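Q: Below is a structure I'd like to ask you about.
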């Protein structure tokens, strides 16, 4: 794969949204069309519906998004206008996996959903690094070409690096306060008209304390199921397993927290949708393998990179029957606001290093035993 695209978003909400939409207009339109098709076809939502019904449901979600964060919604509206799509299409393209939970709530199991393996590592297991976060981002293989890294320099919030896709406000990131957010998709039956997960990620990345970032998840009227992994610059972390209506918070302790794409708590498991047996088995196997890989010893950057590239089940390449692919991966060191990422499967794609407020650094000197570092 080619180097990860880095795109700077500066200024207020409207300026950021307009720049995003203008720069990637053709791609955003293509991505929106693909996701509307997938939402209506039935494989992801568990039941087929029409394009008109899909967009009508997205339209009903507009007020919830505007109420949750008016600035983010102004950014989305400006992006949609500049790209030539509707606001409801923009909500669907960014919040697709939550949106299909809302479609599913009307009936039907979940089929082609199996996305992401993530880990929070406490500081005592990363003594030179101060705590680490890592995850793959797995999605339908048609999503891989749309990956981008946003270098966010807002007037109204901390600067941040955000791994995302064009048309999506944010997926995985770290801000200048060290607040780090990652996600795993969950397949739930209690989807509803509410806020999709990318708004939650971006609002959390506008905070300067872990407690305020947690509140962004806890206080949201969520549209669907996701697992949220959060960490701060001191290496404190939490995992929040959330369906549309219930949440379970687990604090990071002595052992790393690993999460994949099935509910592990009884409260959320009660809302989990029936799934294809093979995809469910994949989620359990990825959890088992990742837990075994981080069970003992010091965990450094190369070890996390190797975990993301693990070839038996964690790092995947698109193709039938599910067409799920590791569209990219990210590793964050919150203490130093560093993010390493790949565009495409990390077993064949290069890792690149970025720093909040700097973007893509240059140089390659070694510091703190974490591998290539950059002159800043």
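Q: Checking residue 193 against (1) buried (at least 24 other Cβ atoms within 10 Å of the Cβ); (2) part of a loop (DSSP other than H, G, I, E, B); (3) more than 13 Å from the chain's Cα centre (by Cα), only one condition comes out false. Which one?
A: Status for residue 193: all satisfied but (1).
To keep it simple, each residue is scored yes or no on (1) in contact with a strand residue (DSSP E or B) (Cβ under 9 Å, 6 or more places away or on another chain); (2) within 19 Å of residue 261 (Cβ to Cβ); (3) buried (at least 17 other Cβ atoms within 10 Å of the Cβ); (4) modelled with pLDDT under 95.
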| site | (1), (2), (3), (4) |
| --- | --- |
| 308 | yes, yes, yes, no |
| 316 | yes, yes, yes, yes |
| 320 | no, no, no, yes |
| 327 | yes, yes, yes, no |
| 336 | yes, no, yes, no |
| 339 | yes, no, yes, no |
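Q: Looking only at segment 346-369, how many residues end up being at pLDDT 95 or above and in a strand (DSSP E or B)?
A: Total satisfying the criteria: 4.
Q: Across segment 148-163, what is the total count of residues that are touching a strand residue (DSSP E or B) at 6+ places or on another chain (Cβ under 6 Å) and either under 15 Å from residue 95 (Cα atoms) or outside any strand (DSSP E or B) (or both)?
A: Summing the residues that are touching a strand residue (DSSP E or B) at 6+ places or on another chain (Cβ under 6 Å) and either under 15 Å from residue 95 (Cα atoms) or outside any strand (DSSP E or B) (or both) in segment 148-163 gives 4.
Q: Continuing with the same structure: Looking at segment 112-136, which of its residues are over 12 Å from residue 333 (Cα atoms) and at pLDDT 95 or above?
A: 117, 118, 119, 124, 125, 135, 136
Q: Right, here's the next one. Could you check residue 71 against (1) in the same structural domain as residue 258 (by TED's automatic domain parsing); (2) modelled with pLDDT of 95 or more and say which number it fails?
A: All conditions pass for residue 71, except number (1).
Q: Moving on to the next point. If I go through segment 164-185 residue by residue, how many of them are in contact with a helix residue (DSSP H, G or I) (Cβ under 6 Å, 6 or more places away or on another chain), part of a loop (DSSP other than H, G, I, E, B) and under 17 Å from residue 196 (Cα atoms)?
A: Residues flagged as in contact with a helix residue (DSSP H, G or I) (Cβ under 6 Å, 6 or more places away or on another chain), part of a loop (DSSP other than H, G, I, E, B) and under 17 Å from residue 196 (Cα atoms) within segment 164-185 amount to 5.
Q: How many of the residues making up segment 248-285 are in contact (Cβ under 8 Å) with a residue 12 or more places away in the chain, out of contact with any strand residue (DSSP E or B) (no Cβ under 8 Å at 6 or more places or on another chain) and within 20 Å of residue 238 (Cα to Cα)?
A: 3
Q: Let me ask another. Looking at 166, 187, 200 in this structure, which one is under 17 Å from the mean Cα position of the chain (by Cα) and more than 28 Å from residue 10 (Cα to Cα)? Don't jump to the end; show me each part of the working.
A: Working: 166 fails: more than 28 Å from residue 10 (Cα to Cα); 200 fails: more than 28 Å from residue 10 (Cα to Cα).
Every option except 187 fails the conditions.
Q: Something else: So, in segment 316-345, exactly how many residues are under 17 Å from residue 286 (Cα atoms), in a loop (DSSP other than H, G, I, E, B) and either within 16 Å of the chain's Cα centre (by Cα) or outside the structural domain of residue 136 (by TED's automatic domain parsing) (or both)?
A: Number satisfying all stated conditions: 1.
Q: Checking the conditions here, which among 303, 288 is outside any loop (DSSP other than H, G, I, E, B), without any contact (Cβ under 8 Å) to a residue 12 or more places away in the chain and closer than 27 Å to residue 357 by Cα? Before the answer, list the steps.
A: Working: 288 fails: closer than 27 Å to residue 357 by Cα.
That would be 303, the only listed residue that is outside any loop (DSSP other than H, G, I, E, B), without any contact (Cβ under 8 Å) to a residue 12 or more places away in the chain and closer than 27 Å to residue 357 by Cα.
Q: In the set 293, 352, which member is touching a helix residue (DSSP H, G or I) at 6+ places or on another chain (Cβ under 8 Å) and surrounded by fewer than 22 Cβ atoms within 10 Å (Cβ to Cβ)? Walk me through it before giving the result.
A: Details: 352 fails: touching a helix residue (DSSP H, G or I) at 6+ places or on another chain (Cβ under 8 Å).
Being touching a helix residue (DSSP H, G or I) at 6+ places or on another chain (Cβ under 8 Å) and surrounded by fewer than 22 Cβ atoms within 10 Å (Cβ to Cβ) holds for just one of 293, 352, which is 293.
The values are calculated or read from the model by the stated rules, or taken from the named source; none is laboratory data. Everything quoted here is computed from the prediction, not taken from an experiment. Here Cβ is always computed from backbone atoms with ideal geometry, including for glycine, and neighbour counts include all displayed protein chains.
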